[in-house]
Amino acid sequence: MKNTASLQGAVPAKGTEYRNEFLAQFQGYLATQPPIVRGLHIVLKVLAMICFALPIIFFVIAIYYTILWATTGSFTSLGQATSLPLAWVNFGLSCSFMVFPWGLDAMLMRAFPTDAFLVYAYGKVQKPVRFMTGLGAFFAGFGIMCAGAPGAAAIPAAIWQFIQGLF
């Protein structure tokens with residue numbers, strides 16, 4: 001009879017197998033793509049990693065404005081912390097902006113999911129990954145890109161405003 005410790009050890013091995021199977025499928029597909037598509041895939045993968053840091057930064061800024069609002073005693077109005085609502089909106093939009101390069105990458109590659117999706121960076125994938133290509137993958141990427149469109153429209157302006165405020 002197997003105990004729970006031996007069953008728990010079987011799940012990560014299977015998860016690593018699923019992850020490696022997905023990466024092998026994706027790398028085989030990537031090898032068939034033209035060099036320009038492979039280059040743009042790398043650029044979008046780096047952009048996705050940069051966009052992954054933005055929600056953390058905007059969360060810290062929103063917490064700062066929340067603490068400022070609470071310590072000034074302005075519970076009935078915003079008082080000195082007039083940037084509080086904008087800080088929380090920017091945090092939410094930065095989360096949507098984070099997925100914009102993922103969708104654009106899936107549309108460009110006509111493959112879904114791609115290795116730019118961060119869930120496959122970890123070794124514990126619980127079930128086999130359904131890798132698809134073609135028109136269905138294009139529309140899956142389009143849907144993800146549409147989810148990131150509000151952030152893509154607003155976050156560059158927020159970043160530019162922040163940079164201008166520094167100087």
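Details
- Sub-9 Å Cβ pairs linking a first residue in segment 143-166 that is closer than 19 Å to Asp105 by Cα to a second residue that is open to solvent by 40 Å² or more (accessible area, probe 1.4 Å) and not in a helix (DSSP H, G or I), at least 6 apart or interchain, are Ile144/Phe112, ordered by first then second residue.
- Top-ranked residue in segment 76-135 [being among the charged types (D, E, K, R) and open to solvent by less than 50 Å² (accessible area, probe 1.4 Å); ranked as modelled with the highest pLDDT]: Asp105
- Verdict on Trp160 being loosely packed, with under 15 Cβ neighbours inside 10 Å and modelled with pLDDT of 70 or more: yes
- Among (1) part of a helix (DSSP H, G or I); (2) closer than 20 Å to Gly134 by Cβ - the single one Gln33 does not satisfy: (1)
- In segment 37-52, the residues that are open to solvent by 80 Å² or more (accessible area, probe 1.4 Å) and within 10 Å of the chain's Cα centre (by Cα): Met49, Ile50, Phe52
- Among the candidates Ala62, Ala70, Ala53, Ala24, residue that is at pLDDT 75 or above, in contact with a Phe, Trp or Tyr (Cβ under 7 Å, 6 or more places away or on another chain) and assigned to a helix (DSSP H, G or I): Ala62
- First in segment 97-108 and touching a residue at least 60 places away in the same chain (Cβ under 8 Å) and closer than 21 Å to Gly134 by Cβ, second anywhere and open to solvent by 30 Å² or more (accessible area, probe 1.4 Å) and among the aliphatic types (A, V, I, L, M), Cβ under 7 Å, 6 or more apart: Leu104/Met145; Leu108/Leu40
The values are calculated or read from the model by the stated rules, or taken from the named source; none is laboratory data. No experiment lies behind these values; they were computed from the predicted model shown. Glycine gets a Cβ as well: all are built from the backbone with ideal geometry, and neighbour counts include every protein chain shown. To get the accessible areas, we keep the full protein, side chains included, count just its heavy atoms, and leave off ligands, DNA and RNA. Shrake-Rupley method; radii C 1.70, N 1.55, O 1.52, S 1.80 Å.
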